[in-house]
Amino acid sequence: MQEVNLTSDEREFDYAFKFKGGIRKDFEVPVVLKGAQNAIDVLRKLKPILPEANINIVNDSTFGACATKVDMKYFIGINYGTYMLLFALFCRMLGNKDILSSIGNSSNEIDQEKLFNIHILDINLLAAITEPVIPVDSTRKALAFWLANKALHTITIHEYAHIINGHCDLMLNINSNGIITENLRHNSIVSSEDMMLSQTLEFDADAYSTLKGLTLLNMEWNQKAFVDELNSVFKSFTDMLSMWSFANYSIWKLFGVGNYDLDRLSTYSHPPPSIRQRLALDLISTIHLDSNKCDEVVSACLNAALEADRSFEKLSQTVETLEGWKMNQDPRCEEHMESLRGNWKNVRPLLVTYSINGLAPIQE
Ligand SMILES: [Zn+2]
C-alpha cells in the first residue's frame, strides 16, 4: 500500500493492522463501510461518553474481524473477505428458489449446484471454485443486500463492544497486545481457563451487539429506512426481527467449524454458533418479558435460526454431524451455557477498570 494515497486516519489504521496486511484502500464498496460507521455513530450519539473508533477494511481475504488499541486509539478492522463472503452467502441463499421461498418471486431463481462445503472462509478460494450467484428477483436481491449489511453491522457492533467494555484494554494488560480477533481457535494447549475467558468476552460482546442491534433495528423500522423493494418483506417489525436473527445466526454458522466436540466445549476460543444464538435469544426474550408480544418475538427468532440451519443444508453437500440449533438440546451445551453465564462473576471484576460503557450486573 502506497502511503502517499492515504489520509492520516487511513495511515494510522494501516499501521494498526500491518500484521494482518494493512488497509485495503481499493475496496470497491465504500457505501458498505459508511453503513458500518453510521451504526457506531448512532450508538455514540445515544451515549456520548463512548469513544471514537477508526473503522476500515483490512486487506485479508478470509472471514474475520478484529478490534485493537494502538497509541491510545481504538481500531476496528473488518476483513475484505468478510463482507464479500457474507454478500456471496446471502446472494447464494436468495438466488436459490428453495430458500426463504415465500419472499419475492422465488420461482424465477435459477437452479444452482450445491457447494461441496459451505464453510469456505476465504473469498479467493470461493471465487476459484464457483461462479458468483446474484438473485434474479429484485425483492430477493434487495433482501440479500440487506442481510449482508445487517450481518456486517452486527460484526462491527460486536467489535465495538470489545473496545468499550474494556476487553481490548484487558488484553493489552494481560499479554501486551490489545488485539481481540475473531479467528476461531480450538486449542487444547492453552488452558481452558483462558479459553473460558475468551468465550466469556465473546458472550459479553454478543450481548451488547444484540441489545444495540435491536435498538438500531427499531429505529430503522420506525423511520422505514429501508428500500422500497423490501416493503413486501417487512410488513411488521416481527418480520424484520426475524430476518435480522436469520442474518446474525448465519454469521456465527458460517464462522463456526460445523462440528464441535461437545466434551471439550471449553477449549474453543468462541462459543459454538447455536450457543451464541441461544444466549442472544434469551436476552431478547428477557427484554420482551413484559410485552404481550414476547411469544411472537421468541418464536420469530427461533424459527429464523431453524430456517438458517435448513438454508445451510440446502447449499452444502457436506452434512454437519452435529447440526445447528438441535445441538442445544444436548445437556452438555446447557451445562456449558451455565458455566459461561457463571464465569461472568470471575471476568467482570477484571474489566471494571477498563470499561467505558458500564458492565452488565452479576446475576445471582
Ligand atoms: Zn469477538
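The values are calculated or read from the model by the stated rules, or taken from the named source; none is laboratory data. Being a predicted model, the structure only gives us computed values, none of them experimental. Neighbour counts run over all protein chains shown; Cβ positions are idealised from the backbone, glycine included.
Numbers below:
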| quantity | calculated |
| --- | --- |
| Members of segment 239-272 found to be in a helix (DSSP H, G or I) and either modelled with pLDDT under 85 or within 15 Å of T82 (Cβ to Cβ) (or both), listed by number | A247, N248, S250, I251, W252, K253, L254, F255 |
| Checking K224 against (1) free of Cβ contacts under 8 Å to residues at least 60 places away in the same chain; (2) assigned to a helix (DSSP H, G or I), the condition it does not meet | (2) |
| Residues (away from the ligand (no atom under 13 Å from the Cβ), of a type in the set (D, E, K, R) and surrounded by 24 or more Cβ atoms within 10 Å (Cβ to Cβ)) located in segment 149-172 | K150 |
| Candidates S285, S250 - the one that is surrounded by fewer than 20 Cβ atoms within 10 Å (Cβ to Cβ) and hydroxyl-bearing (S, T, Y) | S285 |
| Subset tally (residues that are away from the ligand (no atom under 13 Å from the Cβ) and in a strand (DSSP E or B)) for segment 56-78 | 9 |
| Condition met for N183 (within 14 Å of the ligand (Cβ to nearest atom), out of contact with any strand residue (DSSP E or B) (no Cβ under 7 Å at 6 or more places or on another chain) and modelled with pLDDT under 95) | yes |
| Search result, residues across segment 289-327 that are closer than 17 Å to S236 by Cβ and surrounded by fewer than 17 Cβ atoms within 10 Å (Cβ to Cβ) | S291, N292, K293, C294, D295, E296, V298, S299, N303 |
| Segment 280-297 residues that are basic (K, R), paired with ones that are part of a helix (DSSP H, G or I) (beta carbon under 8 Å, 6 or more apart) | K293/T238 |
| Test result for G178, within 16 Å of the ligand (Cβ to nearest atom), more than 19 Å from the chain's Cα centre (by Cα) and not in a helix (DSSP H, G or I) | yes |
| Residue pairs meeting the criteria (Cβ under 7 Å; at least 6 apart or on separate chains; first of a type in the set (D, E, K, R), in segment 238-254; second at pLDDT 90 or above and not in a helix (DSSP H, G or I)) | D239/V233 |
| Boolean, N343 is within 30 Å of L172 (Cα to Cα) and either modelled with pLDDT of 85 or more or hydroxyl-bearing (S, T, Y) (or both) | yes |
| Condition check for I129: buried (at least 20 other Cβ atoms within 10 Å of the Cβ), at pLDDT below 95 and more than 16 Å from the ligand (Cβ to nearest atom) | no |
